[in-house]
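Some notes on the structure that comes next.
The values are calculated or read from the model by the stated rules, or taken from the named source; none is laboratory data. Model, not experiment: these values are computed from the prediction. As a convention, Cβ positions derive from the backbone with ideal geometry for all residues, glycine included, and neighbour counts pool all protein chains shown. Heavy atoms of the whole protein, side chains included, go into the accessibility calculation; ligands, DNA and RNA do not. Shrake-Rupley method; radii C 1.70, N 1.55, O 1.52, S 1.80 Å.
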Amino acid sequence: MTWRVVLVDDHGLFLAGVRSELGDSVEVVGEAATVADAVPLIKQLDPDVVLLDVHLPDGKGDAIINAVAPERPGVKFLALSVSDAAEDVIAVIRAGARGYVTKTIAADELTAAIGRVAQGDAVFSPRLAGFVLDAFRAGDRLTSSAELDELTPREREVLQLIARGYMYKEIAARLHLSVKTVESHVSSVLRKLQLSTRHELTRWATQHRLV
């Protein structure tokens, strides 16, 4: 499978290098150098993964995630930065990024990371993963509730789309799934949250600030 990726970074030379090094499993469908340019571009292209720097000329990576995620919950974000500061890592993860790697990563490892994030996995450079674990130990809430932790990343996406009023067929198209798979995810979410109807799902998602 070829993953559709948008690159967000204000260093043109670096972008060119990333484009040339990514494997055949990744198709770069768009690029942006600022928050202002990235947000509408990502909403328009609706890629599988956005590979973004955390520091841009007009803002930070978490601003892009916060602006895009409510309308494009199927888009995954992977931070790629020279920064390995704990505050940068926590900021984008809290916003909803599925991973954070530094620009020292090898090309084949970056390609693999994009694929893993596209499929819902979390990916971190080893040292950076420690920051996230430390944040949990310190009580920094990165998720809404213990119930939400029971859901897989894909189930959370389906829940968000259901809560926003999308029909099963629309969700299937957005997430590149079959309608039957979407129905299965909804059934699983209802079971895990001990709910019985779409209306209850929507109310639960609203209460937990997922919409």
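Could you check region 153-202 and list, in sequence order, the residues that are on the phi < 0 side of the Ramachandran plot, exposed (fewer than 14 other Cβ atoms within 10 Å of the Cβ) and either touching a strand residue (DSSP E or B) at 6+ places or on another chain (Cβ under 7 Å) or not in a helix (DSSP H, G or I) (or both)?
Across region 153-202, the qualifying residues are 167, 178, 196, 197.
Using beta carbons and a limit of 8 Å, which pairs, at least six apart or on different chains, have the first residue in region 83-104 and more than 11 Å from residue 124 (Cβ to Cβ) and at pLDDT 85 or above and the second one β-branched (Val, Ile, Thr) and open to solvent by 40 Å² or more (accessible area, probe 1.4 Å)?
So the pair list comes out as 103/82.
Which of the residues belonging to region 19-28 are modelled with pLDDT of 90 or more and surrounded by 15 or more Cβ atoms within 10 Å (Cβ to Cβ)?
26, 28
From 18, 39, 6, 29, grab the single residue that is aliphatic (A, V, I, L, M), touching a strand residue (DSSP E or B) at 6+ places or on another chain (Cβ under 8 Å) and assigned to a helix (DSSP H, G or I).
When all the criteria are applied, what remains is 18.
Could you please find all residues in region 29-88 being polar (S, T, N, Q) and either open to solvent by 10 Å² or more (accessible area, probe 1.4 Å) or under 14 Å from residue 4 (Cβ atoms) (or both)?
34, 44, 66, 83
Exactly one of (1) farther than 21 Å from residue 154 by Cβ; (2) outside any helix (DSSP H, G or I) is unmet by residue 44. Its number?
(2)
What pairs can you find where one residue is in region 50-64 and on the phi > 0 side of the Ramachandran plot, the other is open to solvent by 10 Å² or more (accessible area, probe 1.4 Å) and assigned to a helix (DSSP H, G or I), and their Cβ atoms are less than 7 Å apart, with a gap of 6+ or different chains?
Once the first residue is on the phi > 0 side of the Ramachandran plot and sits in region 50-64, its partners that are open to solvent by 10 Å² or more (accessible area, probe 1.4 Å) and assigned to a helix (DSSP H, G or I) give 59/35.
I need the full set of residues from region 137-156 which are closer than 30 Å to residue 171 by Cβ and modelled with pLDDT of 55 or more, in order please.
Residues satisfying the conditions are 145, 146, 147, 148, 149, 150, 151, 152, 153, 154, 155, 156.
Is it the case that residue 104 is open to solvent by 30 Å² or more (accessible area, probe 1.4 Å), under 19 Å from residue 18 (Cα atoms) and either in contact with an Asp or Glu (Cβ under 8 Å, 6 or more places away or on another chain) or among the hydroxyl-bearing types (Ser, Thr, Tyr) (or both)?
When the stated conditions are applied, residue 104 passes them.
Here are some conditions: (1) within 24 Å of residue 177 (Cα to Cα); (2) at pLDDT below 95; (3) surrounded by fewer than 18 Cβ atoms within 10 Å (Cβ to Cβ). Residue 11 meets all but one. Which one does it not meet?
Every condition holds for residue 11 apart from (1).
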